[in-house]
Amino acid sequence: MAKRIAIYLIGMSVTSLGIALVVFSSVGAGPWDAVAAGLHKQLGLTIGMWSIISQGLVVLLIALIEKERLQYGAVIAIIIRSFFLDAWIYLVIRHIDLTYSMLTQWSSFMLGILLIGTGIGLYLEAKFPKTPIDGLMVALHHRFGWTLGGSRLLIEFTAALLGFLLGGPVGLGTMMVALFLGKIVQFTNGKIRSILNHQSTTYISVEESLRKNS
């Protein structure tokens, strides 16, 4: 259990650092941030409120796809990730000028995407509550047999399209997140799962050997 908790928290922390880097690189909003900004522009309320509302609707969609009860644990995941995100932003990232040059902007942005995908791929293996968007990705993967990468690609491009139609800040950075994030999640999750399975198999083999020799 302790190992799973550590994997979960490390994955959430890495994901949050990636989000902070993408946001402060000022290259472009993520697809779902663009949706929230577009809804704010069209209907009022704050971007934060629309983010919560849109995530809540995603939770309902997951329940319909999986034909199960609502995943209230997603709220816990959002709270944990928000805590890490605020910590990275207010204790570290806000004190660094990531817009100093185009090179630092794009370097920060690309590193951010890599960290988001790696963090998601890591924390999914803990089998603890997922954020709504990640939960939707896994739900589509299980329900229709799509790859994690393909599921994420559909989700992010759909959000980018909605953001564009709503007049949100959709730019090159937004499309890059939509295009590459799913592939990174699928690659890192596969690698991490392989490593964890190997460690588990090795542990069992050692335990059996000790039992036979005792």
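Only the coordinates and a few stated rules stand behind these numbers; no lab work does. Given the structure is predicted, the values throughout are model-derived calculations rather than measurements. No Cβ is skipped: glycine too gets one built from the backbone with ideal geometry, and neighbour counts run over all protein chains shown.
Grab the other residues whose beta carbon is less than 14 angstrom from that of residue 187, score K and R as +1, D and E as -1, and report the net. Cβ neighbours under 14 Å give a net charge of +3. The distance linking segment 109-145 with segment 1-71 is 11 Å (Cα centroid to Cα centroid, whole angstrom). Over segment 1-124, the fraction of Cα-Cα pairs per 5 Å bin, rounded to whole percents and listed from the shortest bin up, is 2, 11, 15, 20, 21, 17, 9, 4, 2, 0.
Roughly what would the spin-label model give for residue 107 and residue 9, points 7 Å off Cα along C-beta, in nm? Distance between label points: 3.2 nm.
Relative contact order for the chain: what percent, with Cα pairs under 8 Å and sequence separation of 6 or more? Reported as a whole number, the value is 36 percent.
In the chain, the longest principal axis of the Cα atoms and the axis of helix 47-66 are about 50 degrees apart.
Once the Cα atoms are used to define both axes, helix 2-25 deviates from the longest principal axis of the chain by about 20 degrees.
Put in order of Cβ neighbour count within 10 Å, fewest first, the listed residues 152, 193 become 193, 152. For segment 96-135, the equivalent ellipsoid derived from the Cα gyration tensor has semi-axes of 29, 9, 7 Å, listed largest first.
For the chain, the Stokes-Einstein estimate of translational diffusion at 10 °C and a viscosity of 1.306 mPa s comes to 87 µm²/s, using the Kirkwood hydrodynamic radius over alpha-carbon pairs. Fewest-first ordering of 106, 88 by other beta carbons within 10 Å of each residue's beta carbon gives 106, 88. Relative contact order of segment 93-171: 13 percent, from C-alpha pairs under 8 Å at least 6 residues apart in sequence. Spatially close Lys pairs in the chain, defined by Cα atoms under 21 Å apart and a spacing of eight or more places or different chains, total 10. By the count of other C-beta atoms within 10 Å, a proxy for reagent exposure, 5, 192, 116 are ordered fewest to most as 5, 192, 116. The angle separating the long axis of helix 132-144 from the principal Cα axis of greatest extent in the chain is about 60 degrees. Computed from label points 7 Å out along Cα-Cβ, the spacing between residue 57 and residue 196 is 3.2 nm.
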